[in-house]
1. Using the scaling law 2.2 N^0.38 Å as the reference, what is the normalised Cα Rg of segment 258-359?
2. So what is Rg over Rh here for segment 1-134, counting just Cα atoms and using Kirkwood for Rh?
3. Per residue, how much accessible surface does segment 24-102 expose to a 1.4 Å probe? Answer in Å², no decimals.
4. So what's segment 211-327 giving for Cα Rg divided by 2.2 N^0.38 Å, two decimals?
5. Any idea what % of Cα-Cα pairs in segment 2-71 are farther than 15 Å?
6. Rounded to the nearest 500 deg cm²/dmol, what is the calculated helix-only ellipticity per residue at 222 nm for the chain, with -39500 (n - 2.57) per DSSP H run of length n ≥ 4?
7. Provide the gained length on full extension for the span Gln235 to Met338, in nm with one decimal, where the gain is 0.36 nm per separating residue minus the Cα-Cα distance.
8. If you build the Cα gyration tensor of segment 228-284 and take the root of 5 times each eigenvalue, what three semi-axes come out, in whole angstrom, biggest first?
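The values are calculated or read from the model by the stated rules, or taken from the named source; none is laboratory data. Fair warning: this is a prediction, and the values are worked out from it, not measured in the lab. Cβ: placed from backbone, ideal geometry, glycine included. Neighbour counts: every protein chain shown. Just the protein is used for accessible areas: all its heavy atoms, side chains included, with ligands, DNA and RNA removed. Shrake-Rupley method; radii C 1.70, N 1.55, O 1.52, S 1.80 Å.
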Amino acid sequence: MPEQSHILGVDFGTSNSAAGYLQDAKPVLIELEDGQDTVPTAVFFDFDQRKMVIGAPANQALLEGLEGRFMRSLKRILGTSLMHEKRQLLNERISFVDIISRFLVQVKARAEAKTGLVFERAVSGRPVVFHGVDDPREAQAEADLRACYLAAGFKDVSFLAEPEAAAIASGALESEGEVGLIVDIGGGTSDFSLFRSGPHGITVLANHGVRIGGTDFDRTLSIDHVMPLLGKGGQLRKVFGDDLTPVPAAIFNNLATWEQIPFLYAPQTRRMVAEMLQLAVEPEKLGRLDAVLEEELGHELAFAVEQGKITANSGVADAVIALGLIEKGLSAELSPAMLSASLTTHADALRGGADRILQMAGFEAGQVDRVIYVGGSSLMSMVSDTMKAQFPMAEHSFTEVFTAVADGLAIAAGRDPFG
């Protein structure tokens, strides 16, 4: 019989999650959905069926327009006051701790059903920073995540920095003497880990992270290119007099932010937009915003932005963000040049993150032998272009960007960090 670990490695990600364990000294990722070893970190509360579904069925329920509440980017709420606020869903008052733990319950149950094992403990990935260096929410975020695992039925959980797990999976253990830089661009955070491989494993020289990721890229693109079509930057007439006042920007910023979308469907928000529509200088634009809220299309809009980003990143010269779900024939132009221009500030932040980790370790860019890319958002050309300019002498390699962290966590789980 092969030697099998009863510790589960779990990559609870902003956009996707995965789980694995060690078998015959090799990481094995578990099929969490039919034919897939990753599952979208999404939940849908189906109001008709009176149940919560996760993963691809949650995404599909949203796209089919089923009656319910869709949630994504749950990881970004860890450490915030929203985690413990109770809200009414399916005739019960629950918090985001409850929601995330229920997601993890299903991950655990599916892993056990597929393997025939009982996973009582977990090694969980965590970003280097959840919110920011020295942010007071950092300790609370890990405490929140620990509480979610324990509520999900795990007896204990240990944490490993996600880029450190990726370094293990990248083969760093077999490249003695190499100095490598893990660039892990996930849905919600960008993490950097500088390491040196040696005869006894890898030595992490420095960890650093910044709270930007793929959902932030999407948010910026939405604010720059979609929200103006919904009234952002417009003006309102005053009830009395001829003066004009700007349309408030906050609602557009929230509509472009995955985790804030569900809160915009409250009656008071819809009333506010209806009142603004009556005073709008360009009512057709605010009419689109009103339709998005009335038909609860915020997440579909976010998916459209994400798809437009992917198309533009592939180099399609006439790429657009298709907005026909709001109005027939409506779209927002998003050429590769426009994509690059919108993401300039994020490129600067990534460059600053890489500079900072070199300073922390006392290294120069020329001392880095290899830059290893991890995370789905590392496939953005902006990311690799920025790093190649910063580390021109290094080898640049893409691992299994979607599963490298899970592979590394599975290896770490097999070494029993609790022992």
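1. Working: Rg = 17.4 Å, N = 102, 2.2 N^0.38 = 12.8 Å.
Relative to the rule-of-thumb radius for its length, segment 258-359 sits at 1.37.
2. Numbers: Rg = 16.0 Å, Rh = 16.0 Å.
Radius of gyration over Kirkwood radius for segment 1-134 works out to 1.00.
3. Working: 3650 Å² over 79 residues.
Ligands and nucleic acids excluded, the result is 46 Å² per residue.
4. Against the empirical 2.2 N^0.38 Å value, I get 1.10 for segment 211-327.
5. On the way: 1406 of 2415 pairs.
Everything past 15 Å amounts to 58 percent.
6. On the way: 13 runs with 152 residues, N = 419.
Computed mean residue ellipticity for the chain: -11000 deg cm²/dmol.
7. On the way: separation 103, 0.36 × 103 = 37.08 nm, distance 2.51 nm.
Extra length available between Gln235 and Met338 comes to 34.6 nm.
8. Numbers: eigenvalues 97, 31, 14 Å².
Three semi-axes, in Å: 22, 12, 9.
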